[in-house]
Amino acid sequence: MKRHRVSLFVGFVFAVAASTWLGVQAQQAPEPSMTEQPASLSDSSDLWFVELSSPPTVDGTSLATTRGEKAAFRGAAARAGLAYQERYAFDTLWNGLSIRIAPGDVSKLARNEGVRAIYPVATIDAPEPGEDLGPQLATALAMAGTDVAQNTLGYTGAGVKVAVMDTGIDYDHPDLGGCFGPGCRVAYGYDFVGDAYTGPGATPFPDPDPDDCNGHGTHVAGIVGASGGITGRASRPA
């Protein structure tokens, strides 16, 4: 399944750029304590997110602090004899690391200095097309309070550029402009994985066409900026 990044230029212009989706993401669950979580998780996973003590920089923590915590974690892990592979480090929206570690060392990892919580990296299956996902697009503005922002505060979304990583956009839909390319509302795009991509272990087959192959990306793009039968959150005329 391909995933895409969509950008919205209001003056009602969409720009789409696909992005590789690795088929993994953090499991959605209440944040457990360091001692409780490993016992409640599968011992078969070797990929984990490690959350460190401080909030990310977007919440006011200095970059020096978040990077210092990572350095402290690495030092403590070395002293504890933990063998792991660091895959990614995060500072801005989340403070932590993505690592690969032997399942038997997960409990030991949770006791490492500076670890606030750990989360398994898991494959999440997309819902089948046609499955009832709850409220429909026509209710999105009121649900999000956008009608107040538009009608009372006067915000229109003009001049704002939005990126959405998802399954693509049905750019042929008239409410999304009806075309793809420079001068269209869906102005730019790329599929980094291909329509048949299924996740880890699958071979990506990129292509330059960000057309939707699932429907979710079109739904999201409509919430952001549909203009026609449905009006998106950033599509109220100035």
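The values are calculated or read from the model by the stated rules, or taken from the named source; none is laboratory data. Because the structure is predicted, anything quoted here is derived from the model rather than measured. Backbone-built Cβ (ideal geometry, glycine too); neighbour counts: all protein chains shown.
Points to keep in mind about this one:
- For beta carbons closer than 6 Å, sequence separation of 6+ or different chains, a first residue in the range 103-124 that is closer than 18 Å to T66 by Cβ and a second that is surrounded by fewer than 16 Cβ atoms within 10 Å (Cβ to Cβ) and at pLDDT below 90, the qualifying pairs are A117/E31; Y119/Q27.
- Residue that is crowded, with 17+ Cβ neighbours inside 10 Å, out of contact with any Cys (no Cβ under 7 Å at 6 or more places or on another chain) and at pLDDT below 50, where the choices are F90, F49, F73, F14: F14
- Residues in the range 95-114 that are under 18 Å from S53 (Cα atoms) and part of a strand (DSSP E or B): G96, L97, S98, I99.
- Scanning the range 189-212 for residues that are touching a Gly at 6+ places or on another chain (Cβ under 8 Å) and surrounded by fewer than 20 Cβ atoms within 10 Å (Cβ to Cβ) yields a total of 10.
- Only a single criterion out of (1) among the hydrophobic types (A, V, I, L, M, F, W, C); (2) at pLDDT 80 or above; (3) more than 30 Å from S54 (Cβ to Cβ); (4) surrounded by 15 or more Cβ atoms within 10 Å (Cβ to Cβ) is not satisfied by A117, namely (3).
- Of the residues T92, T66, the single one that is in a helix (DSSP H, G or I) and among the hydroxyl-bearing types (S, T, Y) is T66.
- Residue in the range 215-231 that is over 20 Å from the mean Cα position of the chain (by Cα), free of Cβ contacts under 8 Å to residues at least 24 places away in the same chain and surrounded by 14 or more Cβ atoms within 10 Å (Cβ to Cβ) present: no
- Among the residues of the range 138-171, those that are in contact (Cβ under 8 Å) with a residue 60 or more places away in the chain, of a type outside the set (A, V, I, L, M) and closer than 30 Å to P208 by Cβ comprise G157, G159, K161, D166, T167, G168, Y171.
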